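K.L.:
Got a structure for you, written out below as structure tokens; questions coming shortly.
The values are calculated or read from the model by the stated rules, or taken from the named source; none is laboratory data. Since this is a predicted model, take the numbers as computed values, not measurements. A quick note on method: Cβ atoms are made from the backbone with ideal geometry, for glycine too, and the neighbour counts reach across all protein chains shown. Side chains included, ligands, DNA and RNA excluded: accessible areas come from the protein's heavy atoms. Shrake-Rupley method; radii C 1.70, N 1.55, O 1.52, S 1.80 Å.
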Amino acid sequence: MTPDATEPKWSLRLPADCSIAAIRNVYDMIREAFGRQDRLEIDCSNVDKADVTSVQLLLSTAKTGEAQGRPVVLTAFSQTLRNTIRRAGFASDAMIDQHFPQKKDGT
């Protein structure tokens, strides 16, 4: 089922620090936003500090949304986050695209 573009959604902008030191607050933000609407759009453009915990949280959020039929879309990966995802083992853009649902070019 493809989500309707007019369906209500909740947007969330991640903070600059998504490292292990701040991940509990990031988790709480995502959990609260995820509970508000059926669709969640997460803006990753501000992230300038990330580690494997942020990768795990985003992957878990995407997988949970998929399992519950509640779309989660990530937008505007910062270069820092993209580099962290690659260091975590997602070697190519194709792998990143496969595991992290992204909104690109307005879609």
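K.L.:
What is the set of long-range amide H partners of Asn46 at a cut-off below 5 Å, with H atoms built 1.01 Å from backbone N?
P.N.:
Here Leu14 satisfy the definition.
K.L.:
With a 1.4 Å probe and every protein chain left in place, work out the accessible area per residue of the chain in Å², rounded to a whole number.
P.N.:
58 Å²
K.L.:
Using θ = phi - 60° and the Karplus relation 6.51 cos²θ - 1.76 cosθ + 1.60, list the HN-Hα couplings for the range 71-83 in order, rounded to whole Hz, with x at every Gly or Pro.
P.N.:
Ordered by residue, 3J(HN,Hα) equals x, 10, 10, 9, 10, 6, 4, 5, 4, 4, 5, 4, 5 Hz.
K.L.:
Using Cα pairs closer than 8 Å and at least 6 residues apart in sequence, work out the relative contact order for the chain, in percent.
P.N.:
Computed over the chain, the figure is 27 percent.
K.L.:
A further question follows. What is the spin-label model distance, in nm, from Ser45 to Lys103 if the labels are put 7 Å beyond Cα along the C-beta direction?
P.N.:
Going by the 7 Å Cα→Cβ label model, 1.1 nm.
K.L.:
Based on Cα positions only, what radius of gyration and what Dmax would you give for the range 50-106, in angstroms?
P.N.:
Gyration radius and largest Cα-Cα distance of the range 50-106: 10.9, 29 Å.
K.L.:
OK, next. In the range 1-98, what percent of the accessible surface is made up of carbon and sulfur (1.4 Å probe, ligands and nucleic acids excluded)?
P.N.:
51 percent
K.L.:
Would you calculate the convex hull of the Cα atoms in the chain and tell me its volume per residue in Å³?
P.N.:
Output value, Cα hull per residue: 93 Å³.
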